[in-house]
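The values are calculated or read from the model by the stated rules, or taken from the named source; none is laboratory data. The structure presented is a predicted model; accordingly, all values stated were derived computationally and were not measured. Here the Cβ positions follow ideal geometry from the backbone for every residue, glycine too, while neighbour counts run over all protein chains shown. Each accessible area value is taken on the protein alone, full model and side chains, heavy atoms only, with ligands, DNA and RNA left out. Shrake-Rupley method; radii C 1.70, N 1.55, O 1.52, S 1.80 Å.
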Amino acid sequence: MTQQSPKVAVVTGATSGIGLEVTRLLAGRGHRVFLCARTEDGVTRTVKELLDEGLEVDGAPCDVRSRDDVGRFVRQAVDRFGTIDVLVNNAGRSGGGITADITDDLWYDVIDTNLNSVFLMTREVLTTGGMRGKDRGRIINIASTAGKQGVVLGAPYSASKHGVVGFTKALGNELAPTGITVNAVCPGYVETPMAQRVRQGYAAAYDTTEDAILEKFQAKIPLGRYSTPEEVAGLVGYLASDSAASITSQALNVCGGLGNF
Ligand SMILES: NC(=O)c1ccc[n+]([C@@H]2O[C@H](COP(=O)([O-])OP(=O)(O)OC[C@H]3O[C@@H](n4cnc5c(N)ncnc54)[C@H](OP(=O)(O)O)[C@@H]3O)[C@@H](O)[C@H]2O)c1
């Protein structure tokens, strides 16, 4: 029997929420995971926490909005663990408001963080990261149910995530003959620090409390609760596996029934 070498995964935005649980799950399944977020402190703390759990991880700071950072980060990942088998584009931000009042800065930052970053990181992993030369690869983009339907007071966010879904479908079809699959995972409401910030934003916009917003959101979810980061990571882990070789160009929801499209 031939010994399979461990697969190398890269996860962006891995110091919190969904990215942290994705990293924990992939590393727990024997992947060597190279991770990033913007701050050195956050990366160092997360790497230490996961090493203490016995997982094989390392990382470096990288702002996914920056082409230079992305180039450096992917070179560091290859130098540390070897060419990349699995890319999880997870880093993202919320952002919105009354559309007529949205500043250029907010609009461009949401699109740069959530959408342009996915192109920059994917291109770099395919080239410098060596994925293009392999006969198997996994690119998994964390989009959102807001990438399939409009979200009130969330025009930049919704636009960015629709863009991620479109990019995923186009690249999935392009790369299908190569054995590299490209899929989007679309969470609905997931309890993370971002979800807390989103509730704060809506509470301010509607002049109400965060608890009232939580109740309103939960009432929209057939399951009656937010999903957990672990539940989102579970689907990412499946898509990264060999069994998922025929799933490509898809945008799959993890949302307690919130979206059934
Ligand atoms: N939570 C939800 O309800 C929900 C629903 C649908 C989709 N999503 C999507 O799921 C993904 C993760 O969200 P989350 O809820 O886990 O958010 P989170 O808890 O706020 O974590 C976001 C992570 O991304 C990093 N990050 C942010 N901007 C970055 C940048 N420019 N470059 C590199 N890293 C960056 C953050 O670290 P630093 O700030 O230190 O850089 C952090 O590690 C996002 O794409 C989000 O849009 C979330």
Single residue of region 218-230 satisfying the filter (open to solvent by less than 80 Å² (accessible area, probe 1.4 Å) and in contact with a helix residue (DSSP H, G or I) (Cβ under 9 Å, 6 or more places away or on another chain)) that is nearest to residue 11 (Cα to Cα)
229
Looking at region 58-87 only, could you name the residues that are more than 10 Å from the ligand (Cβ to nearest atom) and under 18 Å from residue 116 (Cα atoms)?
67, 68, 71, 72, 74, 87
Kindly indicate whether any position in region 126-145 is within 14 Å of the ligand (Cβ to nearest atom) and touching a Lys or Arg at 6+ places or on another chain (Cβ under 6 Å).
yes
Identify, please: which residue in region 179-217 is open to solvent by less than 60 Å² (accessible area, probe 1.4 Å), part of a helix (DSSP H, G or I) and of a type outside the set (A, V, I, L, M) and is, among those, nearest to residue 87 (Cα to Cα)?
193
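Taking into account only those residues within region 121-167 that are among the β-branched types (Val, Ile, Thr) and touching a Ser or Thr at 6+ places or on another chain (Cβ under 7 Å), which is surrounded by the fewest Cβ atoms within 10 Å (Cβ to Cβ)?
Of the residues in region 121-167, the ones among the β-branched types (Val, Ile, Thr) are 122, 125, 127-128, 139-140, 142, 145, 151-152, 164-165.
Retained after the next criterion (residues that are touching a Ser or Thr at 6+ places or on another chain (Cβ under 7 Å)): 139, 151.
Values: 139: 28, 151: 16.
My answer is 151.
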